[in-house]
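Worksheet: one structure, shown below.
Each reported figure results from applying straightforward, stated rules to the coordinates on display, with no laboratory input. Source: prediction; values computed, not measured. Note: ideal-geometry Cβ built from the backbone for every residue, glycine included; neighbour counts use all protein chains shown.
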Amino acid sequence: MAPSESGDNNTESPTSDSSSQSGSTPGADTPFAPLAAGYHTRLDVPINAPKKVVRKEGKKAANTFHPDKQTEDFDEEIYVRISTARETLQDSGERDDYQLFCLNFGVVDGTEKYETWKQQGKPQSASEVVTRELKGTPHEYIPLSELESHTPIPRERDPPQQEPSESDADTNTPETTDRDVSEDSTDSNGDDPLEQTTHTGSGAGLTDQMDIILSEYTPTIVRYSDDRREIGLEMLPGKYNVLSISGWAQHDLHFNISDGGLTNEFDEPVDVTWDDLPSPGHHRFKTDDMELVIDLLGEGDADVGPNTHHDRGGSSTGATAPKHQETTTPPKDSADTSASGLQISPMNILLKTVAGVVWVGVALSPFLTTLASAGWVALLLPLKRTGFWISTLFTTYLILPLGFVGLPHPTGNVPLPFVLVGVIISAGLSFSTIRKGLLGRR
Amino acid sequence: MNNTKPVGIDLGTTRSAIAHYAVDDVEVLFNSEGEPVTPSVVTIDEDDDDATAGQAALNQAVLNPDRTIQEVKRKMGEDVEVTVGGESYKPEEISALILQKLVEDAKEKINTDINEAVITVPAYFGENQRTATENAGEIAGLDVKRLLPEPSAACLAYGFQKGKLDEDVSENIFVYDLGGGTFDASLVDVDYELNHVETLNTDGLNNVGGADWTSVIGGWITEQVIDAGGADPNGNPQVQSQVMQKAREIKHMLSSKESAQLAGIVGGVGVDAELTRDQFEEMSAYLLEETFETTDQLFDRADLDVDDVDKVLLVGGSTRMPQVRNGVEEYFGMEPSVELNPDRAVAQGAAIQAELLSDRATGVTDEIVGIDDGLVLVDVVPRSLGVRLHDGRTSHIIESDDEIPTVVRREDFRTVEDNQTAVEFPILEGESEDADDNDKIGDIRLDDIPPRSSNEDSLAIEFELTSDGTLQIEAEDLKSGEAVNATFESAISRDEEEISKSQAELPDM
């Protein structure tokens, strides 16, 4: 029996698939990846590609892998995987269902669950199945028609590979001081397309649009709503790892990196979790076999995209960027946030301390509001001086934190140590105010 | 004859043609009578030893109707036999004689051995009809490399003829293919830049063709004979054959003239009557309407609308009737293309495909002008395939319009009884939910099923339709993940021994 479509799971024998995609395998020199789990990757189209683009790329893929153009011992299942992707993505209803599964379960598991659902004769609607499997409310879903109204994410294929000089790398790459940069990396394979970087985005901070594209692969982040995004990324089996990155919530960015069972590089998925919303800038994940670097856009970075890199077999050496990493102009605030939310610098300390104070102010605002109201009430009474101090000081405390609310924190979410510092400072200020404004006058 | 040459064959209901790819061009090979098309007619002599096919057999139709077989394509795939004298023949055996005639004449023409062929079939031919056609080719001694849908072949020929291949043009082509015995409606996306010819949707009628228009005129002639005091020709095969021959002549005449005269002795009585084109079109309007109802059905399920069609190709000799051309023009709001020779285009397209498949085998891919980088024909399943369930319903597994090749797996099957270890059920073809309304194409038996409850879905069935049209069926026990022994027996497929037996028993040409 030919393997089912769900054969992309992580338990699939890696040897056969990786070997069949390499060497003289048909289509090895094309962007199509029939053995990939995700349908978009198989056809090399963005997740929000218009139907016309899907159709054209689908025809190219079909031409590449059609049995009539292969030798007679060609495994027709390879073509069937292409045609399955074509038929699904060209049909608006099927595509919506498929993308709903991928949105909620990631590309690899989502594809498998979608195919299983079809094989079972679609006993329930796609949303019912997703809700049941999640045991909760599925991610908000924007129909394909709305996705298609967005301009397709521009992709840049085979850009000129300009190997930067070491001095260029030192000058331009924020990751040169990244503490996560591996010291044992010696990989400088200039042909590695993982280094290719293309990026667009409309800058409104992390709660708005953020697009990251890894060339040669499915675009990695697509905005589905203001606070949820799907990240899907696959890499060509045989040539590179097959990898998917999926899952997104505003304050819980969860990367699930797996090989789709097609290579030996990863036996198990690698999970990297941020508990809080990551700050804009450079974020790096490392395993023994792979390194993934993703830059996240911050406010005002719409015109200049950050780098998105994949490095295999190691990373850069010491204080210099890997030679094969393309260097582009970094985000304007990347100097402060180049490493991650945990980067320590004087500016960070200051900013995070202020943010801690604000955080406490916001936390105490209901209490302060009550006090301020009491002060204004006191003004109507004979206690005019006391009322003036109460209202002035506590209104200030009320307005100050409210003024910060809604502004994007330049440092991202505030870590606990800085919150504690803010609590101590706020407590001191409050005690002083109360003593001078109320108790002192008495 | 040292070399071999792959050929393309249009095995038609009333007429057939054969072509090959010559230097820089596709050439239709004329038969020994000097004609590009050969009547699909066979006559078997009194001793049942010799057979004649083509025009000579057609000439025998009036004198020797009992021993003349016409329109056998309409019986392909059916479990029937054609009786001539005391001998019975399967439809594919008669078709094999027609193929032999075509191939023998072609061999003489190009002085080359011919043992590989692409044979065209109506797009709407089902599994049994395709299998029977393949059997016919094998009985005729051919290695049938592919059964090619006639509309796809026509599009291929059209692209080649227009020299558009490799040009940056893409068209949605509707192929209105009205042959002698069948009608095919196909929507084809032809991307000349990519050399990609993809059938998007197909529908058809296996019982409507030019022969039915001929029968309408035959009915009119019969009335004239009876009105003139003659006996009903339907009771006399010889007279009936004469009537049909007159009907064909009148039909052809009405394609170029406004009226045709029936004059002479028919069935022993003199008749003299005039049939105008308007009368003929009125009498046969229901047939044309049936083709447009089928076209409506196609567009009902297609992603494209009538307005999205860029070009309409007319294929099949019956599209020469002005009634058809005018009707198609009115339906699509555009004048249909008449650039193709409707009698030859299908064979030409098949010849191109035969050459491409031959290149695939030999590794030579640059022989055909304009197709340096190869060409891909993507076809679809014409009719859904499924299995019969215990309650008489059909569970469709491969749906019509699915691309070929395809693999479809379904996991929602269960046994009827608890601890049932074997199950046998028919494989069906057709769109109806009611199994009895669909055609049976074979049986499958699953053995060695581990005992289990009948209350849960526990069996998976997988249909694989390969690019050469072979249907493979496999099953799996979902509880253990083990394959279940599945034996598929086609209702019509014949093994080598049966093919050899037919070859030995057929009359000599």
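B:Asp50 to B:Gln297: extension gain in nm, 0.36 nm per residue of separation minus the Cα-Cα distance? List each step's numbers first, then the result.
Working: separation 247, 0.36 × 247 = 88.92 nm, distance 4.54 nm.
Contour length minus Cα-Cα distance gives 84.4 nm.
Would you mind giving the mean number of other chain beta-carbons within 10 Å of the Cβ of each residue in A:65-74, as a whole number? Working shown, then result.
Numbers: counts 1, 8, 7, 12, 9, 3, 3, 4, 0, 2.
Other-chain Cβ atoms within 10 Å of each residue's Cβ, averaged: 5.
Just grab the label-to-label distance for B:Asp305 and B:Asn115, each label 7 Å out from Cα along the Cβ direction, in nm (one decimal).
With each label placed 7 Å out from Cα toward Cβ, I get 5.5 nm.
Please report, to one decimal in angstroms, the Kirkwood hydrodynamic radius of the stretch B:385-492 built from all distinct Cα-Cα pairs.
14.1
To the nearest 0.05, how large is the calculated FRET efficiency for B:Ser32 and B:Met334 if R₀ is 51 Å and r is the Cβ-Cβ distance?
E between B:Ser32 and B:Met334, to the nearest 0.05, is 0.80.
State which entries of A:Lys59/B:Lys5; A:Lys118/B:Lys479; A:Lys122/B:Lys479; B:Lys73/B:Lys101 exceed 22 angstrom in Cα-Cα distance in the structure shown.
Check vs 22 Å cut-off fails for A:Lys59/B:Lys5.
With a 10 Å radius around each residue's Cβ, average the other Cβ atoms per peptide and rank B:138-145, B:177-184, B:23-30, highest first.
Highest mean packing first, the order is B:177-184, B:138-145, B:23-30.
Once the Cα atoms of helix B:345-362 and of chain B are each reduced to a long axis, what angle between those two axes, in degrees from 0 to 90 to the nearest 10, is obtained?
Between the helix axis and the principal axis of chain B, the angle is about 40 degrees.
Treating the angle as unsigned and between 0 and 90°, give the value, to the nearest 10°, between the Cα long axis of helix B:210-227 and the longest Cα principal axis of chain B.
For B:210-227 against chain B, the angle is about 40 degrees.
How crowded by other chains is B:22-35, given as the mean number of beta carbons from other chains within 10 Å of each beta carbon?
Numbers: counts 0, 0, 0, 0, 0, 0, 0, 0, 0, 0, 0, 0, 0, 0.
Across the residues of B:22-35, the mean count of other-chain Cβ atoms within 10 Å is 0.
Taking 0.36 nm per residue of separation and subtracting the Cα-Cα distance, what length does fully extending B:Gln503 through B:Asn3 add? Mind showing how you got there, number by number?
On the way: separation 500, 0.36 × 500 = 180.00 nm, distance 2.37 nm.
My answer for the length gained is 177.6 nm.
Please state the relative contact order of the stretch B:40-177 as a whole percent: Cα pairs under 8 Å, 6+ residues apart?
Reported as a whole number, the value is 19 percent.
Mind ranking B:301-308, A:49-56 by how tightly packed they are, going by the mean number of other C-beta atoms within 10 angstrom, highest first?
With the highest mean Cβ count within 10 Å placed first, the list reads A:49-56, B:301-308.
So how tilted is helix B:322-332 from the main axis of chain B? Cα-based, degrees 0 to 90, rounded to 10.
Relative to chain B, helix B:322-332 is tipped by roughly 40 degrees.
If neighbour count is taken as other Cβ atoms inside 10 Å, put A:Trp117, B:Trp213 in order from fewest to most.
A:Trp117, B:Trp213
Relative contact order for chain B: what percent, with Cα pairs under 8 Å and sequence separation of 6 or more?
RCO, chain B: 16 percent.
Among B:Arg393, B:Arg248, A:Arg86, which comes first, second and so on when ranked by fewest other beta-carbon atoms within 10 Å?
Ascending number of Cβ neighbours within 10 Å: B:Arg393, B:Arg248, A:Arg86.
Using just the helices of chain B, give the 222 nm mean residue ellipticity in deg cm²/dmol: DSSP H runs with n ≥ 4 each add -39,500 (n - 2.57), and the total is spread over all residues, rounded to 500.
The helix contribution divided over chain B gives -10000 deg cm²/dmol.
Rounded to the nearest 20 Debye, what is the dipole magnitude of the stretch B:281-340 about its Cα centre when Lys and Arg each give +1 and Asp and Glu each give -1 at the C-beta?
Here the size comes out at about 340 debye.
Could you list, bin by bin from short to long, the percent of Cα-Cα pairs of the stretch B:1-151 in 10 Å steps?
All Cα pairs, binned at 10 Å, distribute as 12, 43, 34, 10, 1 percent.
How big is chain B on each of its three principal axes, counting only the C-alpha atoms and giving the largest first in Å?
78, 54, 52
Once the piece of chain linking B:Glu424 and B:Glu274 is laid out straight, how much longer is it, given 0.36 nm per residue of separation minus the C-alpha distance between them?
48.1 nm
If neighbour count is taken as other Cβ atoms inside 10 Å, put B:Tyr286, B:Tyr176 in order from fewest to most.
Fewest-to-most Cβ neighbours within 10 Å comes out as B:Tyr286, B:Tyr176.
Highest mean first, what order results for B:42-48, B:444-450 on Cβ atoms within 10 Å? Show your work: numbers first, answer last.
On the way: B:42-48: 18.7, B:444-450: 16.3.
The packing order, highest mean first, is B:42-48, B:444-450.
Over the whole of B:407-414, what's the average partner chain Cβ count within 10 Å per residue? Rounded to a whole number, please.
6
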